[in-house]
Structures are given as C-alpha cells and as structure tokens.
Amino acid sequence: MALKALMLRKKIDAAKKALAAVEESMKDFEAREAEIAKAIEEAETDEERSAVEEEITQFDGEKAEAESKKGELERTVSELEEELAEIEAAQETPAPEIPAEPEEREEKKPMENRTKFLGMSMQERDAFIAREDVQGFLAEVRTAMKEKRAITNAGLLIPTVILGLLRENIIEYSKLYKHVNVRRVPGEGRMIIEGAIPEAVWTEMCANLNELDLAFSQVEVDGYKVGGYFRICNATLEDSDIDLAAELITVLGQAIGFALDKAILYGTGTKMPTGIMTSIASGNIVSHAASVVDKALMKAIIGDAGLASSKYSRGAKTWVMNEKTYGHLVANSLEVNAAGALVAGVNGQMPVI
C-alpha cells in the first residue's frame, strides 16, 4: 500500500505540472483575442476578411482544446487525490508516544525530513525505517564507515524495500531511461532482438497468407555493473537513520541516473551498452554551418527530422540537447509579439511534432 501511495503522489505531481503548463499557455489567449478583434476592424477586402475568419476558427479550436484539456487534468488530479486520501486513511495509525530524551535529536533533523521522506507520509516513513532489514543495513553501513573496514558478502546486500525506492529515484534523475526498451539479464547471456517490423501484405480474401520477413538476431550480453562509492560526512553518520537513508538513496539514484543517460547516448559497448550516438556515428549525422541561424536554423531542423526513417519511428520524437544548445535555439526563436512582449517559439517543445 505504501508503494501505491508513493506512485499516486508521483502521478498527482505530473498531472499538476501538466495542468500548470496548460494554464500558462491559456494566458496568451486574451492577447490573441484582442489582436483578432483589431484585425476584424481593420479588414476591408474579402481576402482579408477570409484570412481573419480562418484565424478565428483556428483560435476557437485551440481555446476549446485547451479548456477541455484543463478540465480533464483537473478531474484527473481530483480523482487521484481522492484515491490517495482513501489509502492514507486506511493506513493511519495512532501517533507513537514521543519520549523526552530523543527531543534533542529531533532538532537536528532538517525540516523536510521531519515531514516527508522520499514522498512518504510520516507514518509510512517511520514504518519503513523501523523495518528489521532496513535497520540492519543502516547499522552495517554506519559501523563499516566508522571502523573504516570493507563490506563483503552479505553486508553488500541492499534490502529489497530500499532497492524499490532506489530504482524510482534512478528513473526520477534519468531523463532517457523511460524512452528506451529495458531488458534485465542476471549476468552473462544471449538476448533475442527483434528487427524492424515489416509491412503486412494485401491479398485476396480467401488467399493464403504471405510470410513476413521478420529478422531476429542474437546479442551477447555480459555481466557488467554501474556503481561507485563515496564519502559520507561524520555528522550524517551520527544523525538519524532517516538522514542516512535519504543521503544513500538520493546520491546513488542521481549518480546511477546520470551514468545511464550517458550510456544510452554515448555508450562505447565496452563494459556498458552501445549508445545511440555511437551507433549512428558512421554516417547518419547531419551538421550545419554556424551561419545558419534564426528561421533558417529552424527550417533546417525540421528538414533533418524528416530523415528519421518511418520504419523505425514509433510516435513522437525525443530531442536530446545540452543547456548551451537549448539556449542557442531559444535565442534563435526570439520574437516580439503584438503586445510588445519578448517570446520564444521553443517552450519545452521543439518546432517539430
């Protein structure tokens, strides 16, 4: 139940972000409406009036779609919050008595950890920390670090309940993990990989079916891992179990998430997967001169996007770039709208669907 509540909170956060984005986009409707009203007054020829009518139709459609999407997201948030409230009500337990002695330790906890721990409620957090396997793991880590000794054998095992939170944290910090197909292989082995999907063949209603050329290939996978170790401040070791667990899960989740993203894009295939850029670097890269800027750059990007073969396309494209490139694209799309405000055509979405 605790994991279900955690997932519901994640869905609620995502829905609220989407709702905020829709509400932000709706702020432009008032300015656009004023512009269209002005255009109606200024239209004199049949051609101008026809153009204004088309703009009105497009505006009404976009506004209705935004309002519909907003209502849908509001209903989704409301339903998810009701479901979460029911789960939390079922999990509520009487608050434990707080002994007088640990009050000093409570003052040392950061405020966010006292109220929330990785999306859990206080009751869920306390139950999580009180688990025997979690207590044993944290004690092993704390003792090994204080005594500066290596952890071997059973001491290396992370409890399953912590692994679940760690995986969720990895997905939170990895931007590309959700865009690739993942297969888990426990060690060395061979994976059967399906090739490009062929087209079906049109034929007579009663005729025999044609064999489709669906190719399969075997890929040998070796048992490599991604990881590392890091220092922990003595103050954290001496602090509460909540602070120590939060430090371990957060740092490991971020570090592994970053490593996964780099491997997905630039993996060399040696002790890591082969990355996308590594695979296409043998002639599928298009470059443009530095003199291609502004609208010419946007047109070039749209043209380049069409080079992606429909044989491999499975829906919307995902654009990957660093902050410097993103800033360059925003700078190249800056315009001044009718209200005199400076706006950019790249707002979390490239000019290509």
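The values are calculated or read from the model by the stated rules, or taken from the named source; none is laboratory data. Quick caveat: nothing in here was measured; it's all calculated off a predicted structure. No Cβ is skipped: glycine too gets one built from the backbone with ideal geometry, and neighbour counts run over all protein chains shown. SASA here: full protein model, heavy atoms, side chains in, ligands and nucleic acids out. Shrake-Rupley method; radii C 1.70, N 1.55, O 1.52, S 1.80 Å.
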Links exceeding 19 Å between C-alpha atoms in this model, out of LYS11/LYS70; LYS17/LYS324; LYS4/LYS225; LYS262/LYS324; LYS38/LYS70; LYS27/LYS175, come to LYS17/LYS324; LYS4/LYS225; LYS38/LYS70; LYS27/LYS175
The set of residues whose placed amide H lies less than 5 Å from the amide H of VAL221, leaving out same-chain residues fewer than 5 positions away, is GLY189, ARG190, MET191
Sequence order, the range 286-293: Karplus ³J(HN,Hα) from phi using 6.51 cos²θ - 1.76 cosθ + 1.60, θ = phi - 60°, Hz rounded, Gly and Pro as x, gives 10, 10, 10, 5, 5, 6, 7, 9
Carbon/sulfur accessible area of the range 191-305, % of total, 1.4 Å probe, equals 58 percent
Honestly the range 195-251 on the Cα gyration tensor test (a ≥ b ≥ c root eigenvalues; a/c under 1.5 rounded, otherwise a/b vs b/c for prolate or oblate) is just prolate
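Give the calculated FRET efficiency between ASP222 and ALA305 to the nearest 0.05, with a Förster radius of 30 Å applied to their Cβ-Cβ distance.
Working: r = 35 Å, r/R0 = 1.16.
Calculated value: 0.30.
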The simple spin-label model distance between THR274 and LYS27, using points 7 Å out along Cα→Cβ, in nm, is 4.7 nm
In whole angstrom, the spacing between the Cα centers of the range 10-58 and the range 178-204 equals 43 Å
1/(1 + (r/R0)^6) with r = Cβ-Cβ of ASP294 and GLU62, R0 = 25 Å, i.e. FRET efficiency to nearest 0.05, evaluates to 0.50
